[in-house]
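Shown next, in structure tokens, is the structure this report addresses.
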Amino acid sequence: MDETMTETVQTAPFAPFEWMLSARYLRARRKEGFISVIAGFSFLGIMLGVATLIIVMAVMNGFRKELLDKILGLNGHILVQPLESPLTDWKDVADRLSQVDGIRLAAPGVDGQALASSPWNASGVLVRGIRSDDLNNLTSIAKNIKQGSLEGFDEGQGVAIGRRLADQLSLHAGDSITLVAPKGAVTPMGTTPRIKPYKIVAVFEIGMSEYDLGFVFMPLAEAQAYFNRSNDVTSIEVFTTNPDKIDAFRKAVTEAAGRPVFLVDWRQRNSTFFNALQVERNVMFLILTMIVLVAALNIVSGLIMLVKDKGSDIAILRTMGASQGSIMRIFLITGASIGVVGTLVGFFVGLVICLNIESIRQFLSWLTSTELFSPELYFLSKLPAEIDIGETTAVVIMALTLSFLATLYPSWRAARLDPVEALRYE
């Protein structure tokens, strides 16, 4: 009898009967309802964990990409500032910088703070003096004109303002905006503020609330006169073809300037902001990974209970000649099926939500009558999502790996079960 019980039948790995039994164990009977509930929660946990990870990482990627595009679309990748003497030779320096391979635009500018006002409201702004050709080459502005146009920007005394600033001041293209600068004409009574009205020739909207609310573009010559500049500029904004390789341009820009200059690249100007985004992204990934890990632990507990409940079945299979490997594979398939299906469903759910994230946000905002993605708080007017193939693949592989690892111990326990002991206590 003992010889019969210990004699095993050699079968090919993952034979049809192993798949059949695994599928049978996944469809629990009424008395095994609790095990089925645990398996269901494991499935939901892995599905929600994978979907949430994909959605959150895509939104974080989209948020960073959109902000980077907006910031680098308006501000130069390298800011060239003068050393030792003012940039009175800015025309020659800008021409030399434009000749450098890989630099698409060198825009001299005059920056100054002012108070923008209308009969209805007032707001602090950054006034940037810029040449008309340079402004037309800034696609983030030139391609997002909502009212008026940039034609004849250098002619007369016209300015271009952001859409949110126009709304706050209740102004439109063609209206007049008053700019107040703290340093104006010098009189015997002291320095008086400079107050001057300008016609709004264009209203732009780049989709970043900070810029749409706080920027006013003025012709360079007018800005030099307005801010008392003696034919010099504050700095030169240099735009490259590849901002990710900014280090390769620093030496060439320094040499092409032909005079002492101080360079600040976009990473230095925005380091705190983008480092904070990266830290938040990494922390969110770790926190959300815990959801998948908890779901995988649910698979462990569910399989252990299933092994305990199916002790007599395992003993009978062993006496019929099933090998320990067959028993282990049966429970491996049972547990892994929950993880694989949950991961795949979570992947597709996450993908669908990412592709329709803005529509979903608008629907939820309408349903709850609240603004779920405030432009003033998050800087962007739309909720972005950028799916990274490598990152998404890593999430799927991680979930599948955790699901597989969770099945090893219960499956090993099932394979090591002594059929005699199992039948004795049945």
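Quick one: would you say E255 is acidic (D, E), part of a helix (DSSP H, G or I) and closer than 23 Å to L179 by Cβ?
Working: acidic (D, E): yes; part of a helix (DSSP H, G or I): yes; closer than 23 Å to L179 by Cβ: no.
Answer is no for this residue.
Residue pairs, Cβ under 6 Å, 6 or more apart or interchain, first in region 266-290 and under 19 Å from D69 (Cβ atoms), second open to solvent by 40 Å² or more (accessible area, probe 1.4 Å). List them.
L277/R64
Among the residues of region 98-111, which ones are modelled with pLDDT of 90 or more and more than 32 Å from the chain's Cα centre (by Cα)?
Of everything in region 98-111, just one residue is modelled with pLDDT of 90 or more and more than 32 Å from the chain's Cα centre (by Cα), namely V110.
Restricting attention to region 228-238, which residues are surrounded by fewer than 22 Cβ atoms within 10 Å (Cβ to Cβ) and either hydrophobic (A, V, I, L, M, F, W, C) or touching a Lys or Arg at 6+ places or on another chain (Cβ under 7 Å) (or both)?
Selection gives N228 alone.
If you go through region 263-281, how many residues are in a strand (DSSP E or B) and surrounded by fewer than 16 Cβ atoms within 10 Å (Cβ to Cβ)?
Step one: filter region 263-281 for residues in a strand (DSSP E or B), giving 263-265.
Filter once more, so that each one left must be surrounded by fewer than 16 Cβ atoms within 10 Å (Cβ to Cβ): 264.
So the count comes out to 1.
If you check M284, M290, which single one turns out to be in a helix (DSSP H, G or I), at pLDDT 80 or above and open to solvent by less than 70 Å² (accessible area, probe 1.4 Å)?
Details: M290 fails: open to solvent by less than 70 Å² (accessible area, probe 1.4 Å).
After applying the criteria, what remains is M284.
Any idea which residue in region 203-245 is farthest from the chain's Cα centre (by Cα), counting only those that are in a loop (DSSP other than H, G, I, E, B) and under 18 Å from Q113 (Cα atoms)? Working first, answer last.
Restricting attention to region 203-245, the residues satisfying the condition of being in a loop (DSSP other than H, G, I, E, B) are 205-207, 227-232, 234, 241-242.
The next check asks that each one be under 18 Å from Q113 (Cα atoms); those that pass are 227-230, 232, 234.
On the way: F227: 38, N228: 42, R229: 40, S230: 43, D232: 39, T234: 33 Å.
Per the stated criteria, the residue is S230.
Which one of the conditions (1) over 30 Å from V253 (Cα atoms); (2) without any contact (Cβ under 8 Å) to a residue 40 or more places away in the chain; (3) not hydrophobic (A, V, I, L, M, F, W, C) does Q147 fail to meet, given that it meets all the rest?
Failing condition for Q147: (2).
For residues that are in contact with a Ser or Thr (Cβ under 7 Å, 6 or more places away or on another chain) and surrounded by fewer than 21 Cβ atoms within 10 Å (Cβ to Cβ), scanning just region 299-323, find the one that is modelled with the highest pLDDT.
Going through the qualifying residues, I end up with S323.
Hey, any hits in region 145-159 for a residue that's among the hydrophobic types (A, V, I, L, M, F, W, C), at pLDDT below 90 and closer than 27 Å to Q81 by Cβ?
For region 145-159, residues among the hydrophobic types (A, V, I, L, M, F, W, C), at pLDDT below 90 and closer than 27 Å to Q81 by Cβ: present.
Which of the helices (runs of 4 or more DSSP H) found entirely inside region 324-382 contain at least 2 residues meeting this: closer than 24 Å to L277 by Cα and at pLDDT 80 or above? Spell out how you get there, then give the answer.
Values: elements: 324-355, 357-368, 375-378.
Of the helices (runs of 4 or more DSSP H) lying wholly inside region 324-382, those with at least 2 residues that are closer than 24 Å to L277 by Cα and at pLDDT 80 or above span 324-355, 357-368.
May I ask you to say which residue of P119, P193 is in contact with a Gly (Cβ under 8 Å, 6 or more places away or on another chain) and of a type outside the set (A, V, I, L, M)? Spell out how you get there, then give the answer.
Values: P119 fails: in contact with a Gly (Cβ under 8 Å, 6 or more places away or on another chain).
On inspection, the qualifying residue turns out to be P193.
Can you tell me how many residues in region 78-88 are open to solvent by 10 Å² or more (accessible area, probe 1.4 Å) and not polar (S, T, N, Q)? Step through it out loud before you land on a result.
Initial filter on region 78-88 (open to solvent by 10 Å² or more (accessible area, probe 1.4 Å)): 79, 81-86, 88.
Filter again for not polar (S, T, N, Q), leaving 79, 82-84, 86.
Residues flagged as open to solvent by 10 Å² or more (accessible area, probe 1.4 Å) and not polar (S, T, N, Q) within region 78-88 amount to 5.
Among the residues of region 113-154, which ones are open to solvent by 20 Å² or more (accessible area, probe 1.4 Å), closer than 15 Å to V201 by Cβ and of a type in the set (A, V, I, L, M)?
A142, I145
Yes or no: S209 touching a strand residue (DSSP E or B) at 6+ places or on another chain (Cβ under 9 Å) and either surrounded by fewer than 23 Cβ atoms within 10 Å (Cβ to Cβ) or not aliphatic (A, V, I, L, M) (or both)? Steps first, answer last, please.
On the way: touching a strand residue (DSSP E or B) at 6+ places or on another chain (Cβ under 9 Å): yes; either surrounded by fewer than 23 Cβ atoms within 10 Å (Cβ to Cβ) or not aliphatic (A, V, I, L, M) (or both): yes.
For S209, the condition - touching a strand residue (DSSP E or B) at 6+ places or on another chain (Cβ under 9 Å) and either surrounded by fewer than 23 Cβ atoms within 10 Å (Cβ to Cβ) or not aliphatic (A, V, I, L, M) (or both) - is met.
Please identify the pairs in which a residue from region 94-108 that is in contact (Cβ under 8 Å) with a residue 60 or more places away in the chain and open to solvent by 80 Å² or more (accessible area, probe 1.4 Å) has its Cβ atom under 8 Å from the Cβ atom of a residue that is of a type in the set (V, I, T) and in a loop (DSSP other than H, G, I, E, B), counting only partners at least 6 apart or on another chain.
R104/T241
Yes or no: Y198 out of contact with any Lys or Arg (no Cβ under 7 Å at 6 or more places or on another chain), over 19 Å from G76 (Cβ atoms) and open to solvent by less than 20 Å² (accessible area, probe 1.4 Å)? Step through it out loud before you land on a result.
Working: out of contact with any Lys or Arg (no Cβ under 7 Å at 6 or more places or on another chain): yes; over 19 Å from G76 (Cβ atoms): yes; open to solvent by less than 20 Å² (accessible area, probe 1.4 Å): yes.
In short, yes.
Of A160, A248, A225, A181, which residue is under 17 Å from D111 (Cβ atoms), open to solvent by 50 Å² or more (accessible area, probe 1.4 Å) and either of a type outside the set (D, E) or touching a residue at least 24 places away in the same chain (Cβ under 8 Å) (or both)?
Numbers: A160 fails: open to solvent by 50 Å² or more (accessible area, probe 1.4 Å); A248 fails: under 17 Å from D111 (Cβ atoms); A181 fails: open to solvent by 50 Å² or more (accessible area, probe 1.4 Å).
Step by step, each of A160, A248, A225, A181 is checked, and only A225 is under 17 Å from D111 (Cβ atoms), open to solvent by 50 Å² or more (accessible area, probe 1.4 Å) and either of a type outside the set (D, E) or touching a residue at least 24 places away in the same chain (Cβ under 8 Å) (or both).
Looking at K91, is it open to solvent by 30 Å² or more (accessible area, probe 1.4 Å), among the basic types (K, R) and within 34 Å of the chain's Cα centre (by Cα)?
So K91 fails the test.
List every residue pair whose Cβ atoms lie under 6 Å apart, where the two residues are 6 or more positions apart in sequence or sit on different chains, the first residue falls within region 398-412 and is on the phi > 0 side of the Ramachandran plot, and the second residue, located anywhere, is buried (at least 16 other Cβ atoms within 10 Å of the Cβ) and modelled with pLDDT under 80.
none
What number of residues within region 239-263 are in contact with a Pro (Cβ under 9 Å, 6 or more places away or on another chain) and of a type in the set (K, R)?
1
The values are calculated or read from the model by the stated rules, or taken from the named source; none is laboratory data. Predicted, not measured: the structure shown is a model, and the values here were computed from it. Counting neighbours? That spans all protein chains shown, and the Cβs are built from the backbone with ideal geometry, glycine included. Calculation scope for accessible area: heavy atoms of the full protein, side chains included, ligands and nucleic acids excluded. Shrake-Rupley method; radii C 1.70, N 1.55, O 1.52, S 1.80 Å.
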